[in-house]
Amino acid sequence: MDSIRITGGKRLEGKIPISGAKNSALTLLPCALLTEGKLTLGNLPRLADVDNFSHLLNGLGVSTKVAGVKKGEFGRKMTLSAREIASTVAPYDMVRKMRASILVLGPMLARAGESTVSLPGGCAIGDRPIDLHLKVLEALGAEIELAAGYVKASAPKGRLSGGDYSFPVVSVGATENGLMAAVLASGRSELFNAAREPEIVDLCNLLVAMGGKIDGIGSSHLVIDGVEGLDGCSYDVMPDRIEAGSYACAAGITGGSIELVGARPSDMLAITNALAAAGLVIEFTENGMRVTADKPLRPLAVSTAPYPGFPTDMQAQFMAMLSVAEGQSFLEETIFENRYMHVPELRRMGADIEVHGRSAIVKGGAKLTGAQVMATDLRASMSLVLAGLAAKGETEVLRVYHLDRGYERLEEKLQGVGATIERVSLG
């Protein structure tokens, strides 16, 4: 098991390339199950979650071939082929490693007429039931059975009929499963109060490139006319807005200036607005955007919300950054009920944070000091790295396998802008 050691206190300056989006990649990969043709995905980030999902697809009969990567390059190109689905069962041993595995349920059901998937695992950041995934599939004509820790879905006539469903609350994953199932249904489907995240738009654009018929892309009302079959295609994964936001916070917490090469500001308005409100200077460049902290950070009041609101996946990083701001900040977590597990570790480093239910008060001006801290989930891990970059002395972050799930070659990227950071093998 590895750890990451950081000697903080250095102002970061330079360029960081932004990788393909983890949350988009994990949605695009299962689209290979929808076609007999070859699906080639470019700008695919090299992450543990992507590797695990690829292995899951291999077990279902999808072949995967990765193109060679030149030294120093980020991302990769993968060609997936599912001429035949060898198995319609996604076993617990594979699914337990990541919650996104539930996203094979819809496309496998649409293509093969049946799908059996273990109840998923993933980060322990709160209760995330899959009931909406099942309800939208039922609305599209599926019969659902739960038994022995597995979900078994089937299409009574071998093909989903299509149908309408209104989500009672916005759900990114359930919207994705519903979309992938509906594109091969025999009739029209309409999804109301659907998620609008850029990753959903990326999925819709890929499905259209494969021959799917979808109207309302980017809105909360999606209309899908099912087709007989989809073709293969080549498609590039969108840039990771959460990775870009995380490195923007690195500029903020160190008083630095970082150009985020490849970032797409149009996907990040809530993040960039919050950064600007905290006093950072945002400049749009030919290749992305530059974030500069040229004066003390200001406190914020931020509440997480579905897109286009402030993303829950940025809450922990902003909390770390605001711990050194001048004044008191207020954070409210509305998406997950257990996403403040990084708070005790930030306190170990000197942060002054109080938690009251789903709200947190961050009393800024803290003089952070290095400490040994333990990561509890993916974004919490990044908040500890950020704190370590600003802290006096050495910080050691344990359980960095969480980071490897969502940040491609993090140490290398931060070293490139002047950070003293290294990965250490603990044996």
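The values are calculated or read from the model by the stated rules, or taken from the named source; none is laboratory data. Model, not experiment: these values are computed from the prediction. Here the Cβ positions follow ideal geometry from the backbone for every residue, glycine too, while neighbour counts run over all protein chains shown.
Taking into account only those residues within the range 84-105 that are of a type outside the set (Ser, Thr, Tyr), in a loop (DSSP other than H, G, I, E, B) and out of contact with any strand residue (DSSP E or B) (no Cβ under 8 Å at 6 or more places or on another chain), which is nearest to residue 24 (Cα to Cα)? Don't jump to the end; show me each part of the working.
Residues of the range 84-105 of a type outside the set (Ser, Thr, Tyr): 84-86, 89-91, 93-100, 102-105.
Remaining after also requiring in a loop (DSSP other than H, G, I, E, B): 84-86, 91, 96-98.
From what is left, the residues that are out of contact with any strand residue (DSSP E or B) (no Cβ under 8 Å at 6 or more places or on another chain) are 84-86, 97-98.
On the way: 84: 24, 85: 23, 86: 25, 97: 18, 98: 15 Å.
Once the filter is applied, the top-ranked residue is 98.
This table checks each residue for (1) part of a loop (DSSP other than H, G, I, E, B); (2) at pLDDT 95 or above; (3) outside the structural domain of residue 312 (by TED's automatic domain parsing); (4) small (Gly, Ala, Ser).
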{"residue": "123", "(1), (2), (3), (4)": "yes, no, yes, no"}
{"residue": "127", "(1), (2), (3), (4)": "yes, no, yes, no"}
{"residue": "137", "(1), (2), (3), (4)": "no, yes, yes, no"}
{"residue": "157", "(1), (2), (3), (4)": "yes, no, yes, no"}
{"residue": "160", "(1), (2), (3), (4)": "yes, yes, yes, no"}
*Can you name every residue in the range 380-421 that is of a type in the set (D, E, K, R) and either touching a Leu at 6+ places or on another chain (Cβ under 6 Å) or under 28 Å from residue 24 (Cα atoms) (or both)?*
399, 404, 405, 408, 409, 411, 412, 413
*Go through the range 215-268 and count every residue that is over 22 Å from the mean Cα position of the chain (by Cα), among the charged types (D, E, K, R) and not assigned by TED's automatic domain parsing to the domain that holds residue 35.*
0
*Any hit, the range 289-305, residues being over 28 Å from residue 369 (Cα atoms), at pLDDT below 95 and part of a loop (DSSP other than H, G, I, E, B)*: no
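Scan the range 155-188 for residues that are polar (S, T, N, Q) and surrounded by fewer than 18 Cβ atoms within 10 Å (Cβ to Cβ) and report the count. Show your work before the answer.
First pass over the range 155-188, keeping only residues polar (S, T, N, Q): 161, 166, 171, 175, 177, 186.
Imposing the further condition that a residue be surrounded by fewer than 18 Cβ atoms within 10 Å (Cβ to Cβ) reduces the set to 161, 166, 186.
Within the range 155-188, residues that are polar (S, T, N, Q) and surrounded by fewer than 18 Cβ atoms within 10 Å (Cβ to Cβ) number 3.
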*Would you say residue 150 is touching a strand residue (DSSP E or B) at 6+ places or on another chain (Cβ under 9 Å), within 21 Å of residue 88 (Cα to Cα) and among the aromatic types (Phe, Trp, Tyr)?*
yes
*Do you know which of the residues in the range 399-427 that are over 20 Å from the mean Cα position of the chain (by Cα) and assigned to a loop (DSSP other than H, G, I, E, B) is surrounded by the most Cβ atoms within 10 Å (Cβ to Cβ)?*
419
*So which of 337, 333, 354, 326 ends up being among the acidic types (Asp, Glu) and in contact with a Ser or Thr (Cβ under 6 Å, 6 or more places away or on another chain)?*
333
*Check every one of the helices (runs of 4 or more DSSP H) wholly within the range 170-280 and list those with 2 or more residues that are out of contact with any Leu (no Cβ under 9 Å at 6 or more places or on another chain) and farther than 28 Å from residue 156 by Cβ.*
198-209, 241-254, 269-277
*Taking only pairs six or more apart or across chains, which ones have beta-carbon atoms under 6 Å, a first residue in the range 305-327 that is on the phi > 0 side of the Ramachandran plot, and a second residue that is surrounded by fewer than 22 Cβ atoms within 10 Å (Cβ to Cβ) and not in a helix (DSSP H, G or I)?*
327/299; 327/364
*Please tell me if residue 209 is crowded, with 18+ Cβ neighbours inside 10 Å, modelled with pLDDT of 95 or more and assigned by TED's automatic domain parsing to the domain that holds residue 43.*
no
*Of the conditions (1) modelled with pLDDT under 95; (2) over 18 Å from residue 397 (Cα atoms); (3) outside any loop (DSSP other than H, G, I, E, B), residue 366 fails just one. Which one is it?*
(3)
*Which members of the range 1-34 meet the condition of being within 26 Å of residue 112 (Cβ to Cβ) and polar (S, T, N, Q)?*
23, 24, 27
*Tell me which of these residue 42 doesn't satisfy, since it passes every other one: (1) in contact (Cβ under 8 Å) with a residue 60 or more places away in the chain; (2) surrounded by fewer than 18 Cβ atoms within 10 Å (Cβ to Cβ); (3) in contact with a helix residue (DSSP H, G or I) (Cβ under 9 Å, 6 or more places away or on another chain).*
(3)
*Just wondering, is there one or more residues in the range 176-191 that are on the phi > 0 side of the Ramachandran plot and not polar (S, T, N, Q)?*
no
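Test residue 396 against the criterion of being at pLDDT 95 or above, assigned by TED's automatic domain parsing to the domain that holds residue 8 and assigned to a helix (DSSP H, G or I), and give yes or no.
Values: at pLDDT 95 or above: yes; assigned by TED's automatic domain parsing to the domain that holds residue 8: yes; assigned to a helix (DSSP H, G or I): no.
For residue 396, the condition - at pLDDT 95 or above, assigned by TED's automatic domain parsing to the domain that holds residue 8 and assigned to a helix (DSSP H, G or I) - is not met.
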*Could you list, in sequence order, the residues of the range 261-273 that are surrounded by fewer than 22 Cβ atoms within 10 Å (Cβ to Cβ), closer than 14 Å to residue 307 by Cβ and among the aliphatic types (A, V, I, L, M)?*
269, 270
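Let's see how each residue does on (1) under 18 Å from residue 15 (Cβ atoms); (2) aliphatic (A, V, I, L, M):
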residue	(1), (2)
385	no, yes
389	yes, yes
395	no, no
400	no, yes
405	no, no
417	yes, yes
422	no, no
426	no, yes
_Suppose we filter the range 345-359 for residues that are surrounded by fewer than 21 Cβ atoms within 10 Å (Cβ to Cβ) and touching a residue at least 12 places away in the same chain (Cβ under 8 Å); how many remain?_
6
